[in-house]
Amino acid sequence: MASGNEIRKAFLDYFARHQHTIVPSSPLVPANDPTLLFTNAGMVQFKNVFTGMEKRPYTQATTSQKCVRAGGKHNDLDNVGYTARHHTFFEMLGNFSFGDYFKERAIELAWNLVHKEFGLSKDRLWVTVYHEDEEALALWKQIAGLPEDRIVKIATSDNFWAMGDTGPCGPCSEIFFDHGPKIAGGPPGSPDADGDRYIEIWNLVFMQYEQRGPGDRVPLPRPSIDTGMGLERIAAVLQGRHDNYDTDLLRKLIEASAQATGVDPDGPQAVSHRVIADHLRASSFLIADGVLPSNEGRGYVLRRIMRRGMRHAHMLGAREPLMHRLVPALTEMMGPTYQELVRAEPLIRQTLELEETRFKETLERGLKLLDEEMGRIGTDAPLPGEVAFKLYDTFGFPIDLTQDVLRGRGRTVDTAGFEAAMQRQKAEARKAWAGSGEQATEAVWFEIREEAGATEFLGYETDTAEGRVVAIVKGGQRVDEAKAGEDALIVLGQTPFYAESGGQTGDAGTMSAPGVKVTVSDAQKKAGELHVHVSHIDQGTVRVGDALALAIDPARRDCIRANHSATHLLHAALRRRLGGHVTQKGSLVGADGFRFDFSHPTPLSDADLRTVVDEVNAQVRINTPVETRLMTPEKAIEAGAMALFGEKYGDEVRVLAMGRDLTDDGGAKPYSVELCGGTHVRRTGDIGAFTVLGQSAVAAGVRRIEAATGAGALQHFAREHEVLQQITRSFNAPAEEVPGRIAALLDERRKLEREVSELRVKLATGGGGGGAAPAAREVNGVRFATRKLDGVPAKDLRGLADAVKGEIGSGVVAIVSVSEGKAALVVAVSDDLTGKVSAVDLVRAGSAALGGKGGGGRPDFAQAGGPDGDKAEEALAAIEQAIGQRAAA
Ligand code: SER
């Protein structure tokens with residue numbers, strides 16, 4: 001008997017043999033469709049290929065696609081567990097033709113697979129066709145040789161497939177398997193068709209149209225094929241089972257649940273095991289694709305699925321969280337096909353455990369309240385909406401969980417009353433924020449947040465996605481559209497653009513639609529949870545409600561990722577080298593590099609820096625995977641996480657672990673663990689290289705390191721290398737000798753400068769020898785020697801003044817030198833006269849004449865300067881006059 005894994009493989013191999021390209025499953029969060037909550041069919045990833053908007057290098061493809069049908073148009077959540085064939089998560093096997101083959105070949109391929117390869121007997125197979133599709137009917141007769149009474153014409157939408165309200169669609173033809181007379185039910189189209197005997201196993205859609213809106217249906221450029229076969233259903237048939245939950249795909253999980261709880265898998269509580277098996281699959285795959293539990297959107301659908309599973313675990317008597325313990329059974333079976341499950345296993349387990357731990361705190365009390373209320377209202381009345389709302393608001397019971405509990409008792413909920421209570425609460429929240437000061441200036445964002453909900457960030461998993469415009473803001477006002485040439489702030493329901501937070505800069509990129517081009521220069525976070533795209537409309541008009549293709553600049557984001565991950569490694573390296581007092585004080589992570597501020601009192605020595613850089617690069621080279629987990633802040637800190645930066649998910653935080661503690665013997669401890677909502681590399685090796693560009697002080701006790709990674713670091717090395725080459729060329733010496741050469745040069749230069757200075761003095765004082773002193777005159781009994789020079793630098797004047805002073809013995813020396821039109825002035829006074837005349841006073845008198853502002857020094861020597869070099873004589877005269885006044889005094 002073939003296992004589920006073997007059947008999946010047989011299907012893909014069969015189509016590969018028939019020239020189909022095996023394409024991997026796309027993620028459960030559809031990147032290319034803002035109208036869909038989750039990928040709900042194999043064709044979703046090919047939507048734009050069918051409509052001709054996107055080209056792929058193949059025209060025939062085959063996939064095994066992960067699907068979730070919960071919370072959207074195709075919602076199976078309520079029935080899961082109670083029926084043989086409903087799932088929230090399932091795999092859809094399919095083959096696709098993009099304008100290549102059409103009906104005939106599709107029917108032929110399908111028939112040969114089920115009949116010849118899978119060996120299903122002709123007697124057990126039925127098909128349906130859309131009532132107007134005579135062509136399909138004729139083909140089934142001709143290719144399969146089926147008698148006419150086994151080809152049923154169906155007039156309803158059952159045989160006209162549409163992905164959603166818009167998108168590619170077309171008539172379809174379904175293959176049914178007859179599970180035999182021991183099961184009740186009639187063939188398709190008969191009054192008993194709802195019975196379980198005849199089961200649809202494969203749907204062949206003849207994609208011919210594109211639904212663009214209500215009543216607006218256009219033909220596709222070329223007719224195409226989209227088929228979907230539920231793996232669980234075909235596995236049931238091929239494994240001789242009637243119930244999908246009896247196939248190995250689900251049975252293994254049911255058994256794991258039975259083993260963990262000690263409750264008979266097939267006893268009266270079988271439903272609970274089935275719910276757990278299904279919900280475990282859906283939750284794990286959703287988490288692996290980047291969805292995390294929250295109170296809105298996709299995250300809330302996940303939370304509902306998780307909590308529904310967790311209530312059933314509770315019913316099975318599980319005292320401790322159960323679902324996370326079943327993850328290994330799932331990854332063992334499906335991990336080889338879906339690697340993302342293996343990659344995300346720690347995140348999946350911790351997210352499940354955390355959710356179940358928290359939900360357990362209120363589950364029992366909520367159930368008690370529910371019991372009391374049901375007892376109180378007695379009779380058959382539905383549970384009042386107010387009570388359902390209290391269960392939701394206080395005890396975390398999603399409405400469908402309450403319904404699920406009541407279903408077991410044949411009771412219902414007043415859902416309208418529940419909605420009304422919900423609206424009342426929202427209105428009150430609105431009043432609360434509308435009144436407060438700071439928030440009032442940002443009121444427009446809170447209003448949008450309130451109406452549209454938080455922006456869903458898809459950028460942990462994808463660089464491109466489609467999003468629907470929920471609001472446009474121009475000049476602080478909400479508007480309906482923005483036109484070419486205008487700047488606007490645009491909010492979408494979902495986006496891959498990271499909005500600046502936690503030190504990481506916002507993404508840049510583009511948004512587009514046919515005839516519309518928008519440049520996004522930045523993304524900012526508003527009202528806590530809105531990603532606001534700072535946009536310029538290059539072409540066309542963007543309107544609220546439009547769907548836009550969003551693409552971040554991936555190269556830029558890669559650099560940002562590398563830089564952000566490097567800040568974590570740097571932080572850890574600094575703590576190891578400098579001590580536990582080092583904590584992050586701020587950071588700015590951009591595309592070209594990053595800066596990291598941290599508490600530390602003194603500059604880092606060269607040796608410290610070298611060690612830190614080496615350690616970070618060692619972590620880069622060991623190239624370990626970067627792991628993300630979800631925890632409560634307390635748990636995260638317990639696990640050694642540092643500093644709370646970045647995003648929060650309610651009371652849960654993302655925890656990033658990277659690198660390996662090389663001092664740890666087992667080598668299992670990560671090098672760095674931090675709380676962070678930013679985007680990071682997949683493996684430390686993606687950082688490429690790390691280098692420090694500089695360090696500085698930003699405030700008392702806070703140092704800053706500027707650094708670069710990857711291409712930025714290599715550019716830095718290249719620049720430094722170029723400079724070094726120029727230097728070695730100039731010295732014509734190998735690099736190692738250059739520092740010695742430079743030191744010798746500087747030494748020599750200092751010596752020469754001294755010599756030059758001495759020579760200048762000699763020259764100015766008459767070329768050496770005695771009698772060089774300038775003629776000194778007497779001013780009121782004080783000898784006054786002056787000198788007017790050209791081009792002698794200010795720093796050489798002192799030596800000269802001293803020399804002249806030495807020659808005249810007692811007296812005052814004033815020397816002015818003019819270079820480039822400006823004057824430098826020094827005054828020296830012999831020690832016996834400093835009581836009478838101060839060099840400082842005299843130099844100030846001279847400097848005033850030169851247009852200068854003061855000057856300074858000591859009573860025996862002072863210097864000054866001034867812009868008016870042509871007033872040198874006046875300056876000397878002013879000094880002479882000042883001596884006269886003071887000497888006379
Ligand atoms: N899109 C069709 C379905 O989901 C066939 O793949 O049934």
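Things worth noting here:
- Of the three principal axes defined by the Cα atoms of the range 41-177, the extents in descending order read 43, 40, 30 Å.
- Qualifying aspartates and glutamates (Cα of each under 17 Å from Cα of K525; at least 8 residues distant if same chain): E438, E442, E447, E450, E451, E456, E500, D507, E647
- Once both labels are positioned 7 Å from their Cα atoms along Cα-to-Cβ, the gap between N732 and A697 label points is 4.5 nm.
- For the range 302-361, the relative contact order works out to 44 percent when only alpha carbon pairs closer than 8 Å and six or more residues apart are counted.
- Estimated FRET transfer efficiency (K153, V218; beta-carbon r; R0 41 Å; 0.05): 0.95
- Kyte-Doolittle mean at least 0.0 and Cα axial length at least 18 Å: DSSP H helices in the chain: 248-261, 270-288, 872-888
- The simple Förster model, with R0 at 60 Å and r as the Cβ-Cβ distance, assigns A744 and E874 a FRET efficiency of 0.80.
- Taking every Cα-Cα distance in the range 293-388 and sorting them into 10 Å bins from zero, the calculated P(r) comes out as 14, 36, 31, 12, 7, 0 percent.
- Here the range 149-186 is scanned for amide nitrogen atoms under 14 Å from the site 7 Å beyond the Cα of K122 along Cα-to-Cβ, giving 149-151.
- A simple rule links phi to the HN-Hα coupling: the Karplus curve 6.51 cos²θ - 1.76 cosθ + 1.60 with θ = phi - 60°, which for the range 697-709 gives 9, 10, 7, 4, x, 10, 9, 10, 10, 9, 8, 9, 10 Hz, with x for Gly and Pro.
- Here r is the Cβ-Cβ distance between M374 and V271 and R0 is 22 Å; the resulting FRET efficiency, rounded to 0.05, is 0.65.
- Here the mean projected area of the convex hull built on the C-alpha positions of the range 299-448 is 12.3 nm².
- Ascending count of other beta-carbon atoms within 10 Å, so fewest first, for T156, T83: T156, T83
- The distance linking the range 569-638 with the range 274-302 is 33 Å (Cα centroid to Cα centroid, whole angstrom).
- Kirkwood-type hydrodynamic radius, the range 139-183: 12.9 Å, calculated from all non-identical alpha-carbon pairs.
- Taking only the Cα atoms of the chain, the ratio Rg/Rh comes out at 1.21, with Rh defined as the Kirkwood radius.
- Three principal axis extents describe the C-alpha atoms of the range 18-59; from largest down they are 32, 20, 12 Å.
- Cβ crowding within 10 Å averaged over residues, with 781-791, 875-885 ranked highest first: 875-885, 781-791
- Fewest-first sequence of L759, L250, L675, L120 by Cβ atoms within 10 Å of each Cβ: L759, L120, L675, L250
- 5 angstrom amide H check on E200, placed H, neighbours 5+ away: F177
- Residues S25, S599, S810, arranged from fewest to most other Cβ atoms within 10 angstrom of their Cβ, appear as S810, S599, S25.
- Gain on full stretching of the segment that runs from K474 to T21 - 0.36 nm per residue minus C-alpha separation: 158.4 nm
- Alpha-carbon centroids, the range 306-332 and the range 140-206: separation in whole Å: 36 Å
- Averaged over residues, the count of other Cβ atoms within 10 Å places the peptides 168-175, 339-346, 370-377 in the sequence 168-175, 339-346, 370-377, highest first.
- Projected area, mean over directions - the range 727-870, Cα convex hull, nm²: 11.2 nm²
- Cα-projected label distance for R610 with A888, points at 7 Å along beta-carbon direction, nm: 7.1 nm
- Were the residues from R319 through A718 laid out at 0.36 nm apart, the gain over their Cα-Cα distance would be 137.5 nm.
- Distance between the 7 Å Cα→Cβ label points at R858 and S599: 4.7 nm.
- By the helix-only formula, in which each DSSP H run with n ≥ 4 contributes -39500 (n - 2.57) and the sum is divided by residues, the chain has a 222 nm mean residue ellipticity of -12500 deg cm²/dmol.
Only the coordinates and a few stated rules stand behind these numbers; no lab work does. This is a predicted model, so every value here is computed, not measured. Cβ atoms come from the backbone with ideal geometry, glycine included; neighbour counts cover every protein chain shown.
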